[in-house]
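All remarks here apply to the structure that follows.
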């Protein structure tokens, strides 16, 4: 089931179904920094060639209010097929239903995602935050923390 996010509705359903509420977000990280030493004739700016391809990695994570945390890393951008795969990995071994609160990324709303969520028969419900409210998603703090940690080297 997929629905717009109403905090009171999510909470009421969660209590009735004895479900868990998770907040989901994705992030991408890229290594652009080229560090090292070089030399040049005084007055001539050295030019450093960037070797190879930039390194990049993407991550998806979900957190709940009780300290529950799930994450996965993947390459490239997120599409509906990959999102379904990540949802299946997250749901594996879970006994209680999950209400997943997430942003409105188009990959989250494909027909394949709807079909997969419907096939779980109520074990997973997606709730979409309004586009102008990323600050309502506590999982955004995971991305901010990872970005801060990755730039401290």
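Observations on the structure shown:
- Failed item in (1) surrounded by 10 or more Cβ atoms within 10 Å (Cβ to Cβ); (2) farther than 16 Å from residue 91 by Cα; (3) touching a strand residue (DSSP E or B) at 6+ places or on another chain (Cβ under 6 Å); (4) at pLDDT 70 or above, with residue 61 passing the rest: (2)
- Where helices (runs of 4 or more DSSP H) sit wholly within the stretch 76-153, those with at least 1 residues that are at pLDDT 90 or above, surrounded by fewer than 13 Cβ atoms within 10 Å (Cβ to Cβ) and out of contact with any strand residue (DSSP E or B) (no Cβ under 8 Å at 6 or more places or on another chain) occupy 80-91, 111-119.
- Condition met for residue 28 (loosely packed, with under 12 Cβ neighbours inside 10 Å, under 30 Å from residue 123 (Cβ atoms), modelled with pLDDT under 90 and under 18 Å from the mean Cα position of the chain (by Cα)): no
The values are calculated or read from the model by the stated rules, or taken from the named source; none is laboratory data. Remember, it's a predicted structure, so these values are computed and weren't measured experimentally. Cβ sites come from the backbone with ideal geometry, for glycine too, and all protein chains shown count toward neighbours.
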